[in-house]
Amino acid sequence: MADDQLGPVDEVIEAIATARKVYRHPDWVSWADRWLSGQDRGTESAWEACQLTEPNPDFGSRLRLEAFAALAARCATMAALSYALENPSRGISAPDIRDLRRHAVRLAIHVLAQLN
């Protein structure tokens, strides 16, 4: 499906599913699974999940890849938060979600390429 044919929820699903391949924080993965299943798409949980995407400085030589993975997860989480808040009066719209999805996917692809 072309980028311009994805709806906002599909954009977020792709962002989270892709970031989930590279970001392993257990609480974030749990939130991602709940979001993907439709069980929890609220703003509060998305905000809490966003707080879990800070890179951990204890990853040694893998710090750079972990940082990219965390950024992918942060973009995906921000897409979910934007989806939950989507409201033109707040200045949040589907193009914002699309841009966040693109960033999440690009970052995750970079991490996957480095791991292979």
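Structure above, values below:
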quantity	calculated
Within the stretch 48-96, considering residues that are in a loop (DSSP other than H, G, I, E, B) and either touching a strand residue (DSSP E or B) at 6+ places or on another chain (Cβ under 6 Å) or at pLDDT 85 or above (or both), the one surrounded by the fewest Cβ atoms within 10 Å (Cβ to Cβ)	GLU86
Residue list for the stretch 6-47, restricted to those being assigned to a loop (DSSP other than H, G, I, E, B) and crowded, with 18+ Cβ neighbours inside 10 Å	VAL22, TYR23, HIS25
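The values are calculated or read from the model by the stated rules, or taken from the named source; none is laboratory data. Here the structure is a predicted model, which is why all the values come from computation and not from measurement. Heads up, the Cβs are rebuilt from the backbone with ideal geometry, glycines too, and the neighbour counts pull from every protein chain shown.
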